[in-house]
1. Across the range 1-25, what is the number of residues that are touching a residue at least 12 places away in the same chain (Cβ under 8 Å) and either among the aromatic types (F, W, Y) or part of a loop (DSSP other than H, G, I, E, B) (or both)?
2. Is it fair to say E51 is modelled with pLDDT under 95 and touching a strand residue (DSSP E or B) at 6+ places or on another chain (Cβ under 8 Å)?
3. Which residue out of S73, S68 is in contact with a Lys or Arg (Cβ under 6 Å, 6 or more places away or on another chain), among the small types (G, A, S), in contact (Cβ under 8 Å) with a residue 60 or more places away in the chain and surrounded by 10 or more Cβ atoms within 10 Å (Cβ to Cβ)?
4. Check off (1) buried (at least 17 other Cβ atoms within 10 Å of the Cβ); (2) at pLDDT below 95 for G79 and give me the number that stays unchecked.
5. Collect the residues in the range 46-73 that are under 15 Å from E30 (Cβ atoms) and either assigned to a loop (DSSP other than H, G, I, E, B) or over 10 Å from the mean Cα position of the chain (by Cα) (or both), keeping them in residue-number order.
6. Which residues, counting only those in the range 26-45, are over 18 Å from L67 (Cα atoms) and either assigned to a loop (DSSP other than H, G, I, E, B) or among the small types (G, A, S) (or both)?
7. Out of the residues in the range 10-64 that are surrounded by fewer than 16 Cβ atoms within 10 Å (Cβ to Cβ) and of a type in the set (S, T, Y), state the one that is nearest to I75 (Cα to Cα).
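The values are calculated or read from the model by the stated rules, or taken from the named source; none is laboratory data. Quantities reported herein were computed from a predicted structural model and do not represent experimental measurements. Cβ placement follows ideal geometry from the backbone for every residue including glycine, while neighbour counts extend to all protein chains displayed.
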Amino acid sequence: MELAYVLVKAKMGHEIDVMNDILKIDGVKEVLGTYGQYDIFVKVQVPTRSEIELIITKKIRRVSNVLSTTTLSVIPSQGDK
């Protein structure tokens, strides 16, 4: 399984709507609101790297009121086993 974390900036006042829309996307495992530079933390886990790319570029970035995203790709050999 491939894993990535996506940090999302949302239009002010629309964070909950964005979170709810992102939760509906297949492959999204967790969505949390955050304080600071980013508004939303998203965990994406799917079988292939290409599916992660598709989810981010074609689905998450196209959610209404998403202003920007930053993707953190996981290095499998450096994670907990």
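1. Total meeting the criteria: 5.
2. no
3. On inspection, the qualifying residue turns out to be S68.
4. It is condition (1) that G79 fails.
5. V46
6. D26, G27
7. Of everything passing the filter in the range 10-64, T48 is nearest to I75 (Cα to Cα).
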